[in-house]
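What follows is a short report on a single structure.
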C-alpha cells in the first residue's frame, strides 16, 4: 500500500510569529500554532496590534483550543552559532 492511500485531502495551515532582537540585544522567541478550521475569536488579530491584556486573555484560549502549538527561545550564544535567520 502506498503512502498516498493514507493521505487525506485536508489543507492544514500553521501560523507563526517571532519576537526579539537576536544576538546583539537578547533572545528570539518564536511560536507556531495550528487552530481548528472552525476557530473564531473576536479579539484575535495581528499579534503586533494586540494589547498585552488581549494577549494574556487569548493565551489560555489558544492553548486549550489549538490542535498543536509550540514555543521556542533561542539565546544569543546559539544565535551567534546558527545566525539570526536560522534562529527565527
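The values are calculated or read from the model by the stated rules, or taken from the named source; none is laboratory data. The model shown is predicted, which means the values in this text are computed figures rather than measured ones. Please note: Cβ atoms are built from the backbone with ideal geometry, for glycine as well, and neighbour counts cover all protein chains shown.
Some observations on this one:
- Whichever residue in segment 79-88 is assigned to a helix (DSSP H, G or I) and out of contact with any helix residue (DSSP H, G or I) (no Cβ under 8 Å at 6 or more places or on another chain) and, among such residues, is surrounded by the fewest Cβ atoms within 10 Å (Cβ to Cβ): 85
- Residues in segment 1-39 that are under 17 Å from the mean Cα position of the chain (by Cα), closer than 22 Å to residue 64 by Cα and either at pLDDT below 80 or outside any strand (DSSP E or B) (or both): 12, 13, 14, 35, 36, 37, 39.
- The set of residues in segment 48-78 that are more than 12 Å from residue 30 (Cβ to Cβ), in contact with a strand residue (DSSP E or B) (Cβ under 7 Å, 6 or more places away or on another chain) and either assigned to a loop (DSSP other than H, G, I, E, B) or touching a residue at least 24 places away in the same chain (Cβ under 8 Å) (or both) comprises 62, 66, 67, 68.
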